[in-house]
Amino acid sequence: MIDWLLDPFAAPFMQRALLAAALAGVNCAVIGVYIVQRRMSFFGGALSHTVLPGMVFAFLRGLDIFWGALGAALATAFGVSWLARRREVGEDAAIGVVLSGMFALGVLMMSQVNSFRDFNALLFGSVLGVAPADLILTAIVTVIVLIAVGLINKELELASVDPEYARVIGARPDRMRTVLLVLTALSVVTAVRVVGALMATALLITPAAAALIWARSVGIAMLLASGIAAFSVIAGLIISYQFDFSSGASIVLASTACFAGSWLARAWRG
Amino acid sequence: MIDWLLDPFAAPFMQRALLAAALAGVNCAVIGVYIVQRRMSFFGGALSHTVLPGMVFAFLRGLDIFWGALGAALATAFGVSWLARRREVGEDAAIGVVLSGMFALGVLMMSQVNSFRDFNALLFGSVLGVAPADLILTAIVTVIVLIAVGLINKELELASVDPEYARVIGARPDRMRTVLLVLTALSVVTAVRVVGALMATALLITPAAAALIWARSVGIAMLLASGIAAFSVIAGLIISYQFDFSSGASIVLASTACFAGSWLARAWRG
Amino acid sequence: ASNGIAADWVRQVGGNQVQVASFADSGADPHHFEPSPRQINELAKADLIVAFGEGLEPWLNEAIVASGTSARKLILTDGLDLLEPGEAFWVDRPLLYPDAANKPPCCKEDALVANEIWTSMIPQMPKSANDGHGHDHDHGYDPHVWLDPQMAVLMILSINNALNELDPIHAAYFDKRREKYLDEIITLDEWAEARLGEIPTRRRLLINYHDNLRYFGRRYGFFTPTSILGSVSTESPDPSARDFNRLLKLISRFGVPAVFVDSTANPRLAEQVVREAGLPTPFVLYTGNVTAADGRAPDYLSLMRGNVETIVTALR
Amino acid sequence: MKTLRYHATCGGHHAHESPALVFQNVALGYPGADSSVLSGLNLTLDRGRSIALLGDNGSGKSTLLKSIAGLLRLRQGKISVLGHAVGQCHHQVAYLPQHRDIDWDFPISVQRFVLTGLYIHLGWFRRPGRVQRKAAAEILDRLTLTSLAERRINELSGGQQQRLLLARTLLHGADLLLLDEPFNAVDAENRALVRGVLRGLKAEGKTLVTATHELDFGEDFFDARFRLTDGSLTEEGAP
Amino acid sequence: MKTLRYHATCGGHHAHESPALVFQNVALGYPGADSSVLSGLNLTLDRGRSIALLGDNGSGKSTLLKSIAGLLRLRQGKISVLGHAVGQCHHQVAYLPQHRDIDWDFPISVQRFVLTGLYIHLGWFRRPGRVQRKAAAEILDRLTLTSLAERRINELSGGQQQRLLLARTLLHGADLLLLDEPFNAVDAENRALVRGVLRGLKAEGKTLVTATHELDFGEDFFDARFRLTDGSLTEEGAP
Ligand SMILES: Nc1ncnc2c1ncn2[C@@H]1O[C@H](COP(=O)(O)OP(=O)(O)OP(=O)(O)O)[C@@H](O)[C@H]1O
Ligand SMILES: Nc1ncnc2c1ncn2[C@@H]1O[C@H](COP(=O)(O)OP(=O)(O)OP(=O)(O)O)[C@@H](O)[C@H]1O
Ligand SMILES: [Mg+2]
Ligand SMILES: [Mg+2]
Ligand SMILES: [Mn+2]
């Protein structure tokens, strides 16, 4: 049994994948608490799709897809904010339009290359692709995200619970929102490598939603969500290895199972 | 020039694709007006992802993917409603969790099969796959959707603009919501064949959002959105044929261009 | 024709009496290919469709149905001695040089030693490259027959027959061109055998991007224990983590000196393999399709010649 | 075309003799909250009378009106409206809410919005025709909204929106009107207008239940005033 | 650790002599709307005084308070607050809003929520320490919320939420308090408590501007009453 659990992580490439996925999971879980609580899930979901054109572009140019994804994610963050602030369209419609357009652009760029198969790793993630350099980038982003959240958690919290008061005392809730979007972009980008663009949404939303069913404070929610994310990553990778399932899908389904458990426990207790 | 425009539609399979896509586009545009106006875009977007496991299941069982997609879409519609009504999680987080989970399930099922060429068609759409039978199904769904909207438009409109009054007079806004979700599911399912699961969102949201920038009534919005959808389908297919672009992406980007035009015109006029 | 290699052959035989269009054109992967609507419109006008079959072109039937063409369909693999996907052909080839005893004295010793090593390696080889998993319903047999020039000869003959039937007036012209072309292929085959003979037996392992070198291996005496994708089709998904791990172990067990990658494939996976296994950059083989006229392998003959040179460089 | 009603009709017999409103030991509260907002309510209101509901913010005025409109389940007791159970006679009861769940950005014109007041009489599937359009135009005219008929509803000021809702409530043509702060956001000039309209309704013999903290109606408008304090209802002054 | 303030301090000099509030021909309105809600406002309010803002719904009481809190751009004119421009002296001005944009479902305890009233004094990066915690506990005690300190904010009743916000406003420790209907949703028992707290503030010499339609404060509480009608401000009765 112990062997069965440890076996998958004998090879260095699996260790790297585990570490990268766990870091990305913690990242996303921490930021996800704010995303879910502030009802920005659609934005989180959109972000993970709109990174596609950036990744394809970087891929075609032979750059590291990290930078492509980051560029596209930041473009989405600012694009949606800008479009929605103009009030010709509602925020959710703006997200929908930007999401569809950018995703289609990505697909179009993909269709210019001969085979979609090259992009499957981008779309659905791959544990094979985590190079040492990727691991370092992921670790750097994690440090940035955690330090940033540590430093301005007080203001993020205030801007989320009572944006008007935040404005009154000059804690700039609009700027906090932008910071949050940027941190979300960073987190999603780290998750893309292992679980793929299309499923990064899940790491952002599911553990945080599961944690928020119970948590009585942001700090606890973040800890719980990180725990759920880390557990999902480990369980998902073991299952993926032992049953030859897609790694991204296994991780996501493990976190969905955690959510279901959390939800049922809550519904049971009433 | 005329030749250049008409050439693509010389072969019967392209004519079928055109017809199927145009019908699906009109369908989605009509329902999309309500989806966008009621701020249910995230739900629309999620629906187009969650159909994946159903499609894969049907495909593996050798059934028509239409029925698989329809089943999964209806399951999503009722699942999200149910989860969100319980109030342990917000509606948007519920959508996010269901979306991620179902999509991951679809990917997992895909990873159990060896060839993913078939799934590229499911994910990104294909003009080649429109069989005469599909065309008939699409036409039937279009008729159902248009008749349903024609019959209960008055109540849908009321339930959207003033749900409380609708409840007072017994026009059952909650049941109207369910009807709307079912119609959305039907529309998305028809769009899946040509533009693919991942881009069906776009047909639902983009033309409707473009139309709602201008429209002063639901009827006009529906007409405008249908026009935009039909134009996008035709333009997209011609471009796709002449430049060998992905058909789904071309159609979506054509509609995004329409949105951009509409938005710019509005922003210009102030 | 379904791809550039078949198109090359039809052109060689048909000369200026035929008009050839190829679906998966130069540089495209013949498996993982999506005919464009425009090509399907052209298909409607064709007289003869030439394809390898056996699941190499899973997209072809759909395209034929969509176009409504009434062209005759020539399946080149029909009637050939085919391998099953992952088949351990070496079981039927106990010796590397079956005629070692008749070799001239200079080489006889070497040949006998080589035979001994070859025989000792056979039991260590996996029975089948993709044990159990990976059998797609499309793939009755491994379709990569063209990489064995002796098979190519048979297929070119059937092209010749088909053209003769469709256009009996030019039959003599076709026959003449075919004869000349087959001479070139036979020369190529003999040259390749000699050139590949320079590779020591222990290093006669071919690990390519996908499992397409079995006919080549059977012809020239190479083990093809597995491939990076572990499948005869590039249509299959990426290897699972476990398969990937297994591949890395196999590489280290046999001390495989190099891995190869198809020119039509993305080198990403192969690069991951060499990174994890500490091997040199993957060597590029032109296997699935010809390249553009100014590329490294614009036709079948240069394609084969280039591959032989690459393999010799990589493994010697 | 036969009307397919949203609701059952008032059960055939019209019960003209029964009072407009009877509360029998009613308790009201919101789902989720444990304690009731109002309890032990008893009240009988004859037809043709008009009463004021007074009370501080949060005392339960809106809650009471919602319960009559059928928007809130009773925790206890029984309400009969025009001799029928709540929800059975919706075309006889019109409700002007205080808190509005309205999507003002919805693309609908003032004219079409007012028409929704007639949907209760149209039922499923029938569309508004000429008769309905004429009735709507008259109501708009009475509330001086005719010049705005083609505007989208989000192009109105707060006071105009309030009048728009009042117009719809009137179009309903009910015998019992539930008005929750009808003067809210209505400016001085239009207050007189609204007051006139309400007096007209009273003269027609309609029954009015009005929640208000304004006493702008004039001295003799209400036949009785009821005050909500600490969850119960007491009559104030003399009728 | 040095405090990195959210805002500039009040410019060094403290201008103790300047009045609490000066309005010079101010016009106020919401972005998007063409017409102003209020215009031509002139007012001088000395320190230590407390005034009531009266007016019908929608007359602009909240709008006026928002403008002083810096939540609304002026259309015209000038407001000076404690001798400085609006927004310069935020730690001297506390604001209790009427309409709340608060996400009550946010997972935060009552205690931690009240602490946000001190953030203005902490500025960026510094976390609340023991001193802050003690101050918060005292305020909670004064408003009898101590027993609820560990609850999540959505587990409070409307009246308790109102007291919670008042607690935060008090913790702010400002010289000028802007209170928009402070008694809203507060029940009779707690009204006395809140009244006591406000009297205490007045005794400390704070300046209070209160929007209200209640006259529950007691006869002698306000030094002046101002009524908002038709977009302008008039003083009512004698101080
Ligand atoms: N949707 C709701 N869910 C839970 N509680 C509610 C809801 N609406 C109102 N309440 C509570 O019910 C009580 C009565 O509210 P109601 O709206 O009936 O007051 P009201 O007398 O109409 O006040 P106002 O003068 O402000 O209109 C209040 O204490 C309020 O907190
Ligand atoms: N966010 C807003 N956008 C546009 N107009 C607004 C906004 N808030 C208020 N108004 C308008 O400004 C006017 C004054 O509103 P305000 O909230 O100041 O009234 P008030 O005197 O505080 O009323 P109440 O007694 O109901 O609190 C109203 O006519 C209202 O329609
Ligand atoms: Mg009320
Ligand atoms: Mg106010
Ligand atoms: Mn191949």
Take region C:241-266 and flag every residue that is small (Gly, Ala, Ser) and within 10 Å of chain A (Cβ to nearest Cβ).
-> C:ALA241, C:ALA265
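When you scan region C:1-68 for helices (runs of 4 or more DSSP H) that lie fully inside it, which ones turn up with 2 or more residues that are more than 16 Å from ligand 5 (Cβ to nearest atom) and at pLDDT below 90?
In region C:1-68, the matching helices (runs of 4 or more DSSP H) lie at C:37-43, C:60-67.
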Looking only at region E:94-127, and only at residues there that are more than 8 Å from chain A (Cβ to nearest Cβ) and part of a helix (DSSP H, G or I), the one that is nearest to ligand 2 (Cβ to nearest atom) | E:GLY117
So which residues in region E:128-154 are in a helix (DSSP H, G or I) and either free of Cβ contacts under 8 Å to residues at least 12 places away in the same chain or over 21 Å from the mean Cα position of the chain (by Cα) (or both), if there are any at all?
-> E:ARG130, E:VAL131, E:ARG133, E:LYS134, E:GLU138, E:ASP141, E:THR146, E:SER147, E:LEU148, E:ASN154
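Mind telling me which of the residues C:PHE222, C:PHE244, C:PHE260 ends up being more than 15 Å from ligand 5 (Cβ to nearest atom) and touching a strand residue (DSSP E or B) at 6+ places or on another chain (Cβ under 8 Å)?
Working: C:PHE244 fails: touching a strand residue (DSSP E or B) at 6+ places or on another chain (Cβ under 8 Å); C:PHE260 fails: more than 15 Å from ligand 5 (Cβ to nearest atom).
That would be C:PHE222, the only listed residue that is more than 15 Å from ligand 5 (Cβ to nearest atom) and touching a strand residue (DSSP E or B) at 6+ places or on another chain (Cβ under 8 Å).
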Index of the failed condition, C:PRO239 passing every other in (1) over 23 Å from C:GLU57 (Cβ atoms); (2) surrounded by fewer than 24 Cβ atoms within 10 Å (Cβ to Cβ); (3) not hydroxyl-bearing (Ser, Thr, Tyr) | (2)
Within region E:50-61, identify whether any single residue is within 14 Å of chain A (Cβ to nearest Cβ) and away from ligand 5 (no atom under 16 Å from the Cβ), and answer yes or no.
-> no
All positions within region C:55-68 that are surrounded by fewer than 23 Cβ atoms within 10 Å (Cβ to Cβ) and under 14 Å from the mean Cα position of the chain (by Cα) | C:GLY55
Tally, over region B:70-103, of residues that are closer than 21 Å to A:LEU212 by Cβ and small (Gly, Ala, Ser) | 9
Considering each residue of region D:44-74, count those that are out of contact with any His (no Cβ under 8 Å at 6 or more places or on another chain) and either within 19 Å of B:ARG167 (Cβ to Cβ) or within 16 Å of ligand 4 (Cβ to nearest atom) (or both), and give that number.
-> 14
Which pairs do you get when a residue that is under 16 Å from C:ALA194 (Cβ atoms), found in region C:302-316, comes within reach of a residue that is among the hydrophobic types (A, V, I, L, M, F, W, C) and assigned to a helix (DSSP H, G or I), reach meaning Cβ atoms under 7 angstrom, with the pair 6+ apart or on two chains?
-> C:MET304/C:LEU188; C:MET304/C:ALA192; C:ARG305/C:LEU188; C:VAL308/C:ALA192; C:VAL308/C:LEU196; C:ILE311/C:LEU196; C:VAL312/C:LEU196
B:ALA17 passes all but one of the listed conditions (1) touching a Phe, Trp or Tyr at 6+ places or on another chain (Cβ under 7 Å); (2) farther than 30 Å from A:SER41 by Cβ; the exception is number (1)
By residue number, the members of region D:40-88 that are crowded, with 19+ Cβ neighbours inside 10 Å, among the hydroxyl-bearing types (Ser, Thr, Tyr) and more than 24 Å from B:ARG86 (Cα to Cα) are D:SER50, D:SER59, D:SER62, D:SER80
Flagged pairs (Cβ under 6 angstrom, 6 or more apart or on separate chains; first in region A:149-167, facing another protein chain (nearest Cβ under 7 Å); second in a helix (DSSP H, G or I) and of a type in the set (Ser, Thr, Tyr)) are A:LEU158/E:THR116
Among the residues of region C:169-191, the number that are farther than 15 Å from C:VAL153 by Cα and under 18 Å from the mean Cα position of the chain (by Cα) is 1
Out of the residues in region E:94-108 that are under 28 Å from E:GLY205 (Cβ atoms) and modelled with pLDDT of 85 or more, which is surrounded by the most Cβ atoms within 10 Å (Cβ to Cβ)?
-> E:ALA94
Going by the conditions given, is A:ALA210 touching a Cys at 6+ places or on another chain (Cβ under 6 Å) and without any contact (Cβ under 8 Å) to a residue 60 or more places away in the chain?
-> yes
Restricting attention to region D:154-181, the residues that are within 14 Å of chain B (Cβ to nearest Cβ), farther than 13 Å from D:LEU115 by Cα and more than 16 Å from ligand 1 (Cβ to nearest atom) number exactly 7
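Being facing another protein chain (nearest Cβ under 7 Å), buried (at least 23 other Cβ atoms within 10 Å of the Cβ) and touching a residue at least 12 places away in the same chain (Cβ under 8 Å): is that true of A:GLY96 here?
Values: facing another protein chain (nearest Cβ under 7 Å): yes; buried (at least 23 other Cβ atoms within 10 Å of the Cβ): yes; touching a residue at least 12 places away in the same chain (Cβ under 8 Å): yes.
It is true that A:GLY96 is facing another protein chain (nearest Cβ under 7 Å), buried (at least 23 other Cβ atoms within 10 Å of the Cβ) and touching a residue at least 12 places away in the same chain (Cβ under 8 Å).
Quick one: which residue in A:ALA58, A:ALA77 is without any contact (Cβ under 8 Å) to a residue 60 or more places away in the chain and more than 9 Å from chain B (Cβ to nearest Cβ)?
Going through A:ALA58, A:ALA77 in turn, the sole match is A:ALA58.
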Residues being away from chain B (no Cβ under 11 Å), modelled with pLDDT of 85 or more and buried (at least 22 other Cβ atoms within 10 Å of the Cβ) - total across region A:104-138 | 1
For the subset of region C:213-240 comprising residues that are closer than 30 Å to C:TYR97 by Cβ and of a type in the set (A, V, I, L, M, F, W, C), which member is farthest from the other protein chains (Cβ to nearest Cβ)?
-> C:PHE222
Could you please let me know if A:ALA166 is closer than 23 Å to E:ARG5 by Cα, at pLDDT below 90 and touching a Phe, Trp or Tyr at 6+ places or on another chain (Cβ under 8 Å)?
-> no
So, first residue touching a residue at least 40 places away in the same chain (Cβ under 8 Å) in region B:132-144, second residue among the hydroxyl-bearing types (Ser, Thr, Tyr), Cβ within less than 8 Å, six or more apart or across chains; the pairs are B:LEU137/B:THR190; B:THR138/B:THR190; B:VAL141/B:SER187; B:VAL141/B:THR190; B:THR142/B:THR190
Of the residues in region D:50-93 that are away from ligand 2 (no atom under 16 Å from the Cβ) and of a type in the set (Lys, Arg), the one that is modelled with the lowest pLDDT is D:ARG73
What pairs come up if the first residue lies in region E:155-183 and is among the aromatic types (Phe, Trp, Tyr), the second is part of a helix (DSSP H, G or I), and their beta carbons are under 6 Å apart, counting only those six or more places apart or on different chains?
-> E:PHE183/E:ARG191
Among the residues of region C:98-127, write down those that are within 29 Å of C:LEU247 (Cβ to Cβ) and not hydrophobic (A, V, I, L, M, F, W, C).
-> C:ASN115, C:GLU116, C:THR119, C:SER120, C:PRO123, C:GLN124, C:PRO126, C:LYS127
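The values are calculated or read from the model by the stated rules, or taken from the named source; none is laboratory data. This is a predicted model, so every value here is computed, not measured. Don't worry about glycine lacking a Cβ; one is built from the backbone with ideal geometry, like all the others, and counts go over all protein chains shown.
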